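First the structure, in the form of structure tokens, and then the observations on it.
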Amino acid sequence: MEKLYYRDPYIRTFNTTLKKQAQDESGKWYAVLEQTAFYPEGGGQPYDIGILNGQAVLEVQEIADEIRHYLEKPLKQDGVEIAAEIDWKRRFDHMQQHAGQHLLSAALEELFSYKTKSFHLGKEVSTIDIETKDLSEQKASEAEALVNKIILENRPIESKWVTKAELADYPLRKELSVSENIRLVIIPDFDYNGCGGTHPDTTGGVAALKIVSTEKQRKMIRITFVAGYRVIKQLHEKQKVISELSVQLNAPQENMVEAVARLIEQSNEQTKALKETNNKLLQYEACSLATNVVMVKGQEVISAVYQDRTMGDLQSIARYITQEMKSANVFLVAENKDKLAFVAARGDSSEINMEKLAKYVLSAINGKGGGSERMIQGGGEAVVTGEELLTLLQKNMLIV
């Protein structure tokens with residue numbers, strides 16, 4: 001099969017003949033053509049999509065030495081003439097991203113000797129993983145600047161087929177994984193790389209490249225980037241967000257960082273004040289509850305059932321009471337829709353083992369819990385009421 005995308009990656013439409021069609025092992029129909037400009041998935045570059053005789057090409061894969069164009073349903077019989085068109089917007093985007101990756105990888109290696117370990121061309125962004133444990137913002141900016149310099153110089157991007165013996169004539173960036181059918185993609189005096197993908201004819205076709213982010217990935221650094229029209233798209237999206245935030249913050253773009261910093265500071269102050277107020281309310285609630293002491297089997301018991309309270313609230317109330325009342329045993333339950341939560345705590349003078357008690361009652365509500373002999377918290381299903389759970393706790397506090 002003649003691969004037209006190697007003859008000219010700018011071919012958008014072509015006419016050919018249907019060589020065969022069949023179903024794969026999963027039952028999906030595919031067509032094999034005499035020649036094709038559809039690029040099959042491989043080498044980090046996604047497959048092309050498009051149209052064959054008015055029918056959508058959903059996927060293209062190279063399997064068993066044939067390029068399969070997957071379709072929703074079969075075409076006409078073998079030998080029929082085919083009018084084909086690839087999705088050019090998708091293809092050219094892939095060409096820009098792939099060439100951008102070559103440029104970025106070459107820049108990182110030329111400037112800092114950082115080798116690229118892997119490449120992924122995604123739908124919105126692309127990534128490379130480089131062999132270093134750290135990449136400073138300064139170094140990332142230098143690499144990005146060099147890439148865009150080469151783009152503006154509009155250098156040619158050449159491709160050629162060479163033999164294994166001829167490889168010695170080229171300063172390859174990385175060792176090849178094949179020993180025959182070797183295709184090199186070359187940006188003169190900058191990058192020499194074995195590659196089977198499609199690229200623009202010149203670096204100017206990449207238009208621009210922008211590093212979006214960097215992050216540690218195992219023992220490497222992952223760089224997320226966009227190239228070509230994706231740079232404009234990212235700029236448009238970010239500018240839209242900035243414009244909306246500028247209105248919300250009532251601040252021009254150049255003052256937005258300061259405006260956000262002030263907003264965060266105010267939020268932190270409000271959160272701190274709210275927490276302090278909530279703590280005072282919980283202390284007041286604990287003091288009020290502490291007046292309701294009852295004697296159960298010779299033990300001082302303070303208990304209550306709440307609706308829709310957090311575990312943190314229950315813990316705080318129990319802690320305030322047991323700090324002030326050394327002989328108290330506190331049992332608090334919260335009914336939260338179809339769930340129950342409880343806290344069991346004791347003062348220093350009490351000898352009830354709350355951890356053992358909790359384990360005993362947790363089975364009654366299919367629950368789980370954790371803590372210590374002095375205080376434990378747990379929760380489970382509301383198969384009993386909050387009052388019934390309190391009764392169960394008080395009934396068994398001396399048995400365990």
When you go through (1) over 20 Å from residue 43 (Cβ atoms); (2) not in a loop (DSSP other than H, G, I, E, B) one by one for residue 167, which number turns out not to apply? (1)
Looking only at the stretch 134-151, how many residues end up being free of Cβ contacts under 8 Å to residues at least 40 places away in the same chain and buried (at least 20 other Cβ atoms within 10 Å of the Cβ)? 0
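Being outside the structural domain of residue 144 (by TED's automatic domain parsing), in contact (Cβ under 8 Å) with a residue 60 or more places away in the chain, charged (D, E, K, R) and farther than 26 Å from residue 173 by Cα narrows it down to one residue among 81, 34, 59, 72; which is it? Break it down stepwise before answering.
Numbers: 34 fails: in contact (Cβ under 8 Å) with a residue 60 or more places away in the chain; 59 fails: in contact (Cβ under 8 Å) with a residue 60 or more places away in the chain; 72 fails: in contact (Cβ under 8 Å) with a residue 60 or more places away in the chain.
One residue alone meets the criteria, 81.
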Just checking, does the stretch 311-330 include any residue being among the small types (Gly, Ala, Ser), at negative phi, assigned by TED's automatic domain parsing to the domain that holds residue 383 and touching a Lys or Arg at 6+ places or on another chain (Cβ under 6 Å)? no
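I'm trying to understand the selection: among the residues of the stretch 105-124, which are among the hydrophobic types (A, V, I, L, M, F, W, C) and surrounded by 18 or more Cβ atoms within 10 Å (Cβ to Cβ)?
Hits for the stretch 105-124 are 106, 107, 108, 119, 121.
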Which residue is farthest from residue 299 (Cα to Cα), if the candidates are limited to the stretch 353-372 and must be at pLDDT 85 or above and small (Gly, Ala, Ser)? 367
Considering only the stretch 246-269, I want to know if a residue exists there that is exposed (fewer than 13 other Cβ atoms within 10 Å of the Cβ), in a helix (DSSP H, G or I) and over 33 Å from the mean Cα position of the chain (by Cα). no
Residues that are within 25 Å of residue 274 (Cβ to Cβ) and not in a helix (DSSP H, G or I): does the stretch 390-400 have at least one? no
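Out of the residues in the stretch 77-104 meeting the condition of being of a type in the set (Gly, Ala, Ser) and over 28 Å from the mean Cα position of the chain (by Cα), tell me which one is surrounded by the fewest Cβ atoms within 10 Å (Cβ to Cβ).
So, considering only residues that are of a type in the set (Gly, Ala, Ser) and over 28 Å from the mean Cα position of the chain (by Cα), the one surrounded by the fewest Cβ atoms within 10 Å (Cβ to Cβ) is 79.
So that you can scan it fast, the table gives a plain yes or no per residue for (1) aliphatic (A, V, I, L, M); (2) without any contact (Cβ under 8 Å) to a residue 12 or more places away in the chain; (3) crowded, with 20+ Cβ neighbours inside 10 Å:
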residue	(1), (2), (3)
334	yes, no, yes
343	yes, no, yes
348	no, no, no
356	no, no, no
372	no, no, no
385	no, no, no
388	no, yes, no
Within the stretch 46-64, tally of residues that are under 18 Å from residue 98 (Cα atoms) and touching a Leu at 6+ places or on another chain (Cβ under 8 Å): 2
Of the conditions (1) part of a strand (DSSP E or B); (2) in contact (Cβ under 8 Å) with a residue 24 or more places away in the chain; (3) touching a His at 6+ places or on another chain (Cβ under 9 Å); (4) farther than 13 Å from residue 84 by Cα, residue 9 fails just one. Which one is it? (1)
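Rundown of residues vs (1) of a type in the set (Ser, Thr, Tyr); (2) closer than 24 Å to residue 235 by Cα, yes/no style:
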{"site": "72", "(1), (2)": "no, no"}
{"site": "95", "(1), (2)": "no, yes"}
{"site": "110", "(1), (2)": "no, no"}
{"site": "117", "(1), (2)": "no, no"}
{"site": "127", "(1), (2)": "yes, yes"}
For the subset of the stretch 21-49 comprising residues that are in a strand (DSSP E or B) and either in contact with a Gly (Cβ under 9 Å, 6 or more places away or on another chain) or at positive phi (or both), which member is surrounded by the fewest Cβ atoms within 10 Å (Cβ to Cβ)? 42
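Results for (1) charged (D, E, K, R); (2) out of contact with any Leu (no Cβ under 9 Å at 6 or more places or on another chain); (3) assigned by TED's automatic domain parsing to the domain that holds residue 38; (4) at pLDDT 95 or above, shown as yes or no for each residue.
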{"position": "97", "(1), (2), (3), (4)": "no, no, no, yes"}
{"position": "114", "(1), (2), (3), (4)": "no, no, no, yes"}
{"position": "129", "(1), (2), (3), (4)": "yes, yes, no, yes"}
{"position": "132", "(1), (2), (3), (4)": "no, no, no, yes"}
{"position": "145", "(1), (2), (3), (4)": "no, yes, no, yes"}
{"position": "154", "(1), (2), (3), (4)": "no, yes, no, yes"}
{"position": "168", "(1), (2), (3), (4)": "no, yes, no, no"}
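The values are calculated or read from the model by the stated rules, or taken from the named source; none is laboratory data. What you see is a predicted model; the values in this text were computed from it and never measured. Methodologically, a virtual Cβ is constructed for each residue, glycine included, from the backbone with ideal geometry; neighbour enumeration extends over all protein chains shown.
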